[in-house]
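The structure under discussion is supplied below as C-alpha cells; questions concerning it will follow.
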Amino acid sequence: MMAEYTLYCFAQSGNSYKAALMLSLCGADWEPRFVDYFNGETRTPAYRGDVNVMGEVPVLVHGGMQLSQSGVILDYLSERLGRFGWDNDAERREVLRWLLFDNHKFTSYTATYRFLRTFTDQGEGDAAKFFQARMKGAFGVAEAHLGTRAYVACGRPTIADLSLCGYMFFEDEFGIDWAEYPAIGAWLERLKAMPGWAHPYDMMPGHPLPRS
Ligand SMILES: N[C@@H](CCC(=O)N[C@@H](CS)C(=O)NCC(=O)O)C(=O)O
C-alpha cells in the first residue's frame, strides 16, 4: 500500500528536511521517494517535465496534488494536518516574514556555503568565503531575534521554525559551534526535544554518499 504522502527528497537536502520534519512531527503517513541529485536526476528532462520544472526537491505528492517549494509544502501540510500554522492575520504575516527571510537568506546562504565546503573542493575559495560571511550575517539576525523569544514567529513552534531549522542540524558540515550563537543553540535544543524529531540523515534516504 502506498503511503498517503510521498516526498521527493534526499538525505543531504535541508530543504527536503523541512517537509520531512513536518510530516514526522505530525505523525503523518508518508514515504520518501529518493531523488538521485548527486547523479543529476533533478537536471533530467523527465524530472523537469514530470516532477518539477524548477529542477528542485522537495516535491510533495498527495492525492492529485504535486507541490514544490518547501514554504508552500509547509503551508499546505499545516492546513491539512492542523498543526504549526497561524491563528490570525497578524500571525500569518509574521510566519510569512520569517519564511521569506529563511528562503532568501538564512537557508540559501547556509546551504550554498555548506555545499561548497562539504561536497566540492571549493570550500576555501572566494565564493565560499562570501557565502560564509552572508551566512553569519543571517545567523546574527536570528540570534538577536531568538534572544528574546522561544520560537521564531509566534509563542509556539510554527512552520517558520521548521523552515529555518532545515540546515541547522548539519552544523558540523558548515563549521559552526552554537556557543557562538547561544540563542540559536537553545532554540535548536527545543526543536530536538519535540516528539517525532529526528536528524535529516535518519529521516531521508541517501546517506552516506557512496565513495567516489
Ligand atoms: N526555495 C526552495 C529551494 C529548494 C532547493 O534549493 N533544493 C535543492 C536541494 S536542497 C535542489 O533541489 N537543487 C537542485 C539543483 O539546484 O539542481 C525550497 O525551499 O524548496
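The values are calculated or read from the model by the stated rules, or taken from the named source; none is laboratory data. These numbers were taken from a predicted model, which means no experiment stands behind them. Because the Cβ atoms are built from the backbone with ideal geometry, glycine has one as well, and the counts that use them run over all protein chains shown. Just so you know, the surface numbers come from the protein's heavy atoms only, side chains and all, with ligands and any DNA or RNA stripped out. Shrake-Rupley method; radii C 1.70, N 1.55, O 1.52, S 1.80 Å.
Amide H of Val59: which non-local residues (sequence gap of 5 or more, or other chain) have their own amide H closer than 5 Å, using H built in the peptide plane?
Amide H neighbours of Val59, under 5 Å, 5+ apart: Tyr8.
To two decimal places, what compactness ratio does the stretch 47-105 give when its Cα radius of gyration is scaled by 2.2 N^0.38 Å?
Normalised Rg, Cα atoms only: 1.26.
If you find the alpha carbon centre of the stretch 1-59 and of the stretch 83-125, how far apart are they in angstrom?
Each part's Cα centre sits 18 Å from the other's.
Provide the FRET efficiency to the nearest 0.05 for the Arg156-Ala198 pair, computing r from the beta carbons and using R0 = 22 Å.
0.60
Go through Cys26, Cys9 and list them by solvent-accessible area, largest first, probe radius 1.4 Å.
Highest to lowest solvent-accessible surface, that is Cys26, Cys9.
Hey, another quick one. Tally up the carbon and sulfur contribution to the accessible surface of the chain as a whole percent, 1.4 Å probe, everything protein left in place.
52 percent
Evaluate 2.2 N^0.38 Å with N set to the residue count of the stretch 111-212, then give the Cα radius of gyration divided by it.
1.15
Continuing with this model, one more query. How are the C-alpha pair distances of the stretch 71-164 spread across 10 Å bins, as whole percents from the shortest bin up?
16, 41, 27, 14, 2
Work out the charge dipole of the chain with +1 on the Cβ of Lys and Arg and -1 on the Cβ of Asp and Glu about the Cα centre, then indicate which of Gly85, Gln66, Leu21 is farthest towards its positive end.
Gly85
Quick one: grab Rg to one decimal and Dmax as a whole number for the stretch 1-127, Cα atoms only, in Å.
15.7, 49
Compute the projected area of the convex hull of the Cα atoms of the stretch 1-63, averaged over all viewing directions, and report it in nm² to one decimal place.
If I average the Cα hull's projected area over directions, I get 4.5 nm².
Also: Based on DSSP H runs of at least 4 residues, each adding -39500 (n - 2.57), what is the mean residue ellipticity at 222 nm of the chain after dividing by all its residues, to the nearest 500 deg cm²/dmol?
Counting only the DSSP helices, I get -13500 deg cm²/dmol.
Mind ranking 89-99, 107-117 by how tightly packed they are, going by the mean number of other C-beta atoms within 10 angstrom, highest first?
Per-residue mean Cβ counts within 10 Å order the peptides as 107-117, 89-99.
So for the chain, what percent of the C-alpha to C-alpha distances run longer than 23 Å?
Above the 23 Å cut-off, the chain has 45 percent of its Cα pairs.
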